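Bear in mind that the values in this text are calculations on the coordinates, not laboratory data. Remember, predicted model here, so these are calculated numbers, not experimental data.
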Amino acid sequence: MDKPSCLVVLFVSFGLLHQSVIGVQMEKLAGRKRCADKDCSYVISMAEALEDYGAPDCRYINLKRGQMIYVYSKLKPVEGAGVFWSGSVYGDRYVDQMGIIGYFPPNFVNETQVFVKKTVELPTTVSFSTFTHCIHHR
Ligand SMILES: *[C@@H]1O[C@H](CO)[C@@H](O)[C@H](O)[C@H]1NC(C)=O
């Protein structure tokens, strides 16, 4: 290989490496959230997915248009972080996904029924179910 083409190969492989490193970096999530109770164990509301949503990593859930979702928490919108809610999908057709709580963007859903109006503010921590779900997928 002559010198210029060698350099091209070097640049291309560096570019790919760089891309994969960025791919591994997870999006920052807000540090505070609002839940129905201090354990975030109660459903705040019921929502319907208006569009399909593909989870970018294992902290998120996939949504299919028309799916019903139990909303468990709402991250407080902050500078530099996207707006996300956490929840799990509900329905007979999605038994394999039921109980998996993950994040999704609220603009993909329509909140159809609000059960809890008075919410509490808490620090955002990765829930155990999200953690085990992530381990499962690695
Ligand atoms: C959202 O849900 C409400 C109540 O079920 C409904 O009336 C409204 O049409 C829905 N909006 C959209 C955009 O689907």
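Scaled to the globular estimate 2.2 N^0.38 Å, the Cα spread of segment 71-135, given as radius of gyration, is 1.20. Note that segment 27-137, at 37 °C in a medium of 0.692 mPa s, gets a Stokes-Einstein diffusion coefficient of 236 µm²/s from its Kirkwood radius over C-alpha pairs. Applying the Karplus relation 6.51 cos²θ - 1.76 cosθ + 1.60 with θ = phi - 60° to segment 69-76 yields 3J(HN,Hα) values of 10, 8, 9, 9, 8, 10, 5, 6 Hz, where x marks Gly and Pro.
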